[in-house]
Amino acid sequence: MIPNHDFLRHTLDNPAGLSPCQFQLDNGVQVQVWDTGVICFEPKQPAEKDIVLACGVHGNETAPIEICAELIQDILQQRLVPAHRTLVLIANPAAINAGSREVEENLNRLFSGYHSKGAGLINNERKRAQVLEQFVSRFYQQAPAGSRKRYLYDLHTAIRGSRFEKFAVYPFLHDKAWQQNQLEFLRACGVSTVLLMQTAAPTFSYYASNTHGADAFTVELGKVRPFGQNDMRRFADARNSLRALVAGQPVATQAFDEKDFHLYEVYRSIHKQTQDFKLHFADDVENFTTYPVGTLLATDGDTEYRVEKEGEALIFPNAKVAVGQRAMLMVIPRSVQGQLA
Ligand SMILES: O=C(O)CCC(=O)N[C@@H](CCC(=O)O)C(=O)O
Ligand SMILES: [Zn+2]
């Protein structure tokens, strides 16, 4: 039903859609293909977690796609046995085939209904964002009754190198407490730099967090590289921790100690206002770089953006985004002492 148990290949061969199908593995795990890139695993007696793993929201971010493709194949071949209901999403097959971040529009700016705003469902990324929301809703709503925990890890790699190779974006929680066990899990994945957002966002992780109450994160696992050029040893902690999570096996976490983390909050978000938006530092400047107060960072027509605050660090600078979109975040260190649940 899935040739060679290779769901990534099957997805990329059918980027426009796949007929739903379902079957059972010899170990009792129920497999349901809901669409291209959308596969759901349900153990006979699922434990309490409902886990969504997403990759390929940006088509050129290949290492997370490889991690998820291997996990799917290993479940299908019964080398990995899920203990929890698990939905794996290869989010943007057309962009993966094109080897590009997006085909027409940034998929990760289209969640929480943004797909249908303005001009509406005018391209495939907008349509995909809508159906991904529907699949995530279905997955969480179809869970067995009882006390359950929802998770979504949206796996990415960043365009630039980074002073801290791996980092996560913790979506805005509307003043709810950050989860200590989630910070511990991220650290087991090799991620000890976390950006705590203070505003709503059109991203997949914010959607899962805000709409479904999931513990949800955008996880940046390294730098963008083409298929075949990822050193998968650098992803071993993330790969192994995610597989242990799905299998219900112990994850090698350590008790939270703030000294082990680099925690940041957003000081300001710089949006591209005109086509003239220009960054005033080189393409190889890394995420989390700091400059002295007063340094010119970017210009946008007559507007100048300079470092305003000691310790302000830049992240996700990208002059190529569409006008109106986030072109860079400036972040500052912060503490979460006494603010964790
Ligand atoms: O490296 C970059 O500039 C972008 C990497 C990336 O795709 N980041 C995500 C972050 C999403 C979030 O803020 O939760 C994105 O920009 O969509
Ligand atoms: Zn990305």
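Read-outs: derived from the displayed coordinates by stated rules, not from any lab. Please read these numbers as outputs of a predicted model, since none were measured by experiment. Cβ sites come from the backbone with ideal geometry, for glycine too, and all protein chains shown count toward neighbours.
Descriptive notes on the structure:
- In a fully extended conformation the segment linking Gln24 and Phe281 would gain 87.1 nm over its present Cα-Cα distance, using 0.36 nm per residue.
- Distance between the C-alpha centres of the range 1-38 and the range 45-97: 11 Å, rounded to the whole angstrom.
- Reference-scaled alpha-carbon Rg (2.2 N^0.38 Å with N residues) for the range 269-333: 1.02
- Placing pseudo-labels 7 Å out from each Cα toward the beta carbon at Arg148 and Glu304 gives an inter-label distance of 5.6 nm.
- Using every pair of distinct Cα positions in the range 9-92, the Kirkwood expression returns a hydrodynamic radius of 13.0 angstrom.
- Between Lys223 and Ala158, the built amide H atoms are under 5 Å apart, and every one of these is 5 or more places off in sequence or on another chain.
- Near the amide H of Trp178, within less than 5 Å, lie the amide hydrogens of Ala341, all on another chain or at least 5 residues away, with H placed in the peptide plane.
- For the range 3-258: rounded, prolate or oblate by the Cα gyration tensor [a/c cutoff 1.5]: rounded
- Sequence of Trp34, Trp178 once ranked by neighbouring C-beta atoms within 10 Å, starting from the fewest: Trp178, Trp34
- Under the Karplus curve 6.51 cos²θ - 1.76 cosθ + 1.60, θ = phi - 60°, whole-Hz ³J(HN,Hα) for the range 313-323, x wherever Gly or Pro sits: 10, 9, 8, 6, x, 7, 6, 8, 5, 5, 4
- Evaluated with a Cβ-only charge set (Lys, Arg +1; Asp, Glu -1), the range 100-230 carries a dipole of roughly 120 debye about its Cα centre, given to the nearest 20.
- Segments 333-341, 102-110, 156-164 sorted - mean Cβ within 10 Å per residue, highest first: 102-110, 156-164, 333-341
- In this calculation the C-beta distance from Glu258 to Tyr291 is compared with R0 = 25 Å, giving a FRET efficiency of 0.45.
- Considering only beta bridges that DSSP places wholly inside the chain, some 55 percent are antiparallel.
- Estimated from helices alone, the mean residue ellipticity of the chain at 222 nm is -6500 deg cm²/dmol (sum of -39500 (n - 2.57) over DSSP H runs with n ≥ 4, per residue).
- Rough spin-label spacing in nm, given labels placed 7 Å along Cα→Cβ, for Thr211 and Gln325: 1.9 nm
- Mean separation of Cα contacts under 8 Å, 6 or more apart, over the residue count of the chain: relative contact order %: 16 percent
- Of the residues Gln339, Ala158, Leu297, the one whose Cα sits farthest towards the positive end of the charge dipole of the chain is Gln339 (charges of +1 on Lys and Arg Cβ, -1 on Asp and Glu Cβ, taken about the Cα centre).
- Residue order, fewest to most beta carbons within 10 Å, for Ile67, Ile2: Ile2, Ile67
- Mean projected area of the convex hull spanned by the Cα atoms of the range 48-186, taken over all viewing directions: 10.4 nm².
- Extreme residue, positive dipole direction of the chain, given options Thr193, Thr274, Ser241 (C-beta unit charges): Ser241
- Per-peptide average of other Cβ atoms within 10 Å, ordering 78-88, 186-196 highest first: 186-196, 78-88
- Positive-end residue of Ala54, Gly311, Ala143, charge dipole of the chain with Cβ unit charges: Ala143
- Three-way shape call for the range 218-308 based on the alpha-carbon gyration tensor, with the a/c threshold at 1.5: prolate
- About its Cα centre, the range 56-173 has a charge dipole of approximately 440 debye under the convention of +1 per Lys or Arg Cβ and -1 per Asp or Glu Cβ, with nothing else charged.
- Distances between placed amide hydrogens fall under 5 Å for Gly56 paired with Ile65, Ala91, all partners being 5 or more residues away or on another chain.
- Under the convention that each Lys and Arg Cβ holds +1 and each Asp and Glu Cβ holds -1, the size of the dipole of the chain around its Cα centre is about 440 debye.
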